[in-house]
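In what follows, a single structure is set out as structure tokens and then discussed.
The values are calculated or read from the model by the stated rules, or taken from the named source; none is laboratory data. For clarity, every value in this text was computed on a predicted model and none was experimentally measured. All Cβ positions, even for glycine, are placed from backbone atoms using ideal geometry, and neighbour counts span all protein chains on display. In case anyone asks, the SASA skips ligands and DNA or RNA and just uses the protein heavy atoms, side chains included. Shrake-Rupley method; radii C 1.70, N 1.55, O 1.52, S 1.80 Å.
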Amino acid sequence: MNLDAKIYVAGHRGLVGSAIVRALRQAGYDNLLLRTHEDLDLTNQAQVETFFSTERPKYVFLAAAKVGGILANNSYPAEFIFQNLMMEANVIENARQAGVDRLLFLGSSCIYPKFAPQPIREDSLLTGTLEATNRPYAVAKIAGIEMCWSYNRQYATRYLAAMPTNLYGPGDNYDLETSHVIPALIHKMHKAKREGQREVVLWGTGKPRREFLYSDDLAEACLFLMNLDQESFASLTASETQAPLINIGSGQDHTIRELAELIAGVTDFDGTLAFDSSKPDGTPRKLMDSSRLSALGWKPKTTLPVGLTRAYEDFMGILKDPAVPQTARG
């Protein structure tokens, strides 16, 4: 990507998008197109068409999405499938019409079957049943992958779908009702420590294994992919038989109990961790096979203990910010 090229980052205020913006700016890219939801509603076809026809970006990072944990996915399944389908469909189609050179579509490891062989390879897509608790979101993301592949085949576009493992880092959502596991545990344990609680109750058995990646590492991987030479990028996007799909992970997983113990240490919560086995565990294990990305020359830099410490520092900074809603500050 040329340093002066127009680059559109959809969802630039979210966990992934904000990390991509930081990485782009650190690398010297300053011609960034950034729009808030108030400025550009990506579910609105007319607004998206006007934006692309006017601005005509050369590269697109599609990081905009409605996201959340098990509770949010169970509570708002219709919103998760509708909003994600609309956003990706509008952006991908209008990127084609505007002649975008490369597009990176960000998805999630939940696209893979609940009982996929571990570690999960890209060719596990559509080989089994999805985890029910986030199926609407997963189906929407699978549709986005298929859109990228279909457009590449029909229009010779160069659209790549990147599937990150579970993410955390600066700019995360710490709302206890809608957040993912790491920000939820950080918030919950900080709150328990502050209120003098001696026990924190967590959903499930604590036995499921999860892989985690620091958001700034993901952003570096995204820039690495978008800056691949033409031959390497085409090897990921031009196949008639293999989806334009690549995993981005850390290569290591941990049980939820191990994760909770690490976060207890980071937040200085010295009480008891209790697990409510009447609540759902979700998928038993999700470890990504990121060997395709590793073979291209990229590996993550941030270890989980270091990343969790930085995430807690980010949360503490949010607590001191009066502009952040009370639900996110605890």
Inset, instruction - Please name all residue pairs, on different chains or six or more residues apart, with Cβ atoms under 6 Å, provided the first residue is in the stretch 31-47 and is over 22 Å from ASN2 (Cβ atoms) and the second residue is of a type in the set (S, T, N, Q). - result: LEU40/GLN47; ASP41/GLN47; LEU42/ASN90; THR43/GLN83; GLN45/ASN90
Inset, instruction - Please tell me if THR267 is modelled with pLDDT of 95 or more and in contact with a His (Cβ under 8 Å, 6 or more places away or on another chain). - result: yes
Legend entry - Which listed residue is within 27 Å of MET226 (Cα to Cα), charged (D, E, K, R) and either open to solvent by 10 Å² or more (accessible area, probe 1.4 Å) or touching a Gly at 6+ places or on another chain (Cβ under 9 Å) (or both), from GLU79, GLU122: GLU122
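Take ASN73 and decide whether it is in contact (Cβ under 8 Å) with a residue 40 or more places away in the chain and either over 30 Å from GLY282 (Cα atoms) or aromatic (Phe, Trp, Tyr) (or both).
Spelling it out, it is not the case that ASN73 is in contact (Cβ under 8 Å) with a residue 40 or more places away in the chain and either over 30 Å from GLY282 (Cα atoms) or aromatic (Phe, Trp, Tyr) (or both).
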Legend entry - Residues satisfying the stated conditions in the stretch 274-297, i.e. among the hydrophobic types (A, V, I, L, M, F, W, C) and surrounded by fewer than 19 Cβ atoms within 10 Å (Cβ to Cβ): ALA274, PHE275, ALA295, LEU296
Inset, instruction - Please enumerate the residues belonging to the stretch 181-211 that are outside any helix (DSSP H, G or I), of a type in the set (D, E, K, R) and over 16 Å from GLY69 (Cα atoms). - result: ARG198, GLU199, LYS207
Inset, instruction - Scan the stretch 27-47 and give yes if some residue there is modelled with pLDDT of 95 or more and within 17 Å of the chain's Cα centre (by Cα), otherwise no. - result: no
Legend entry - Pair list, Cβ under 7 Å, 6 or more apart: the stretch 84-100 residue open to solvent by 20 Å² or more (accessible area, probe 1.4 Å), other residue in a helix (DSSP H, G or I): LEU85/ALA140; LEU85/ALA143; ALA89/MET147; ARG96/TYR151; ARG96/TYR155; GLN97/PHE52
Inset, instruction - Assess whether VAL139 counts as being open to solvent by less than 20 Å² (accessible area, probe 1.4 Å), over 14 Å from LYS286 (Cα atoms) and modelled with pLDDT of 95 or more. - result: no
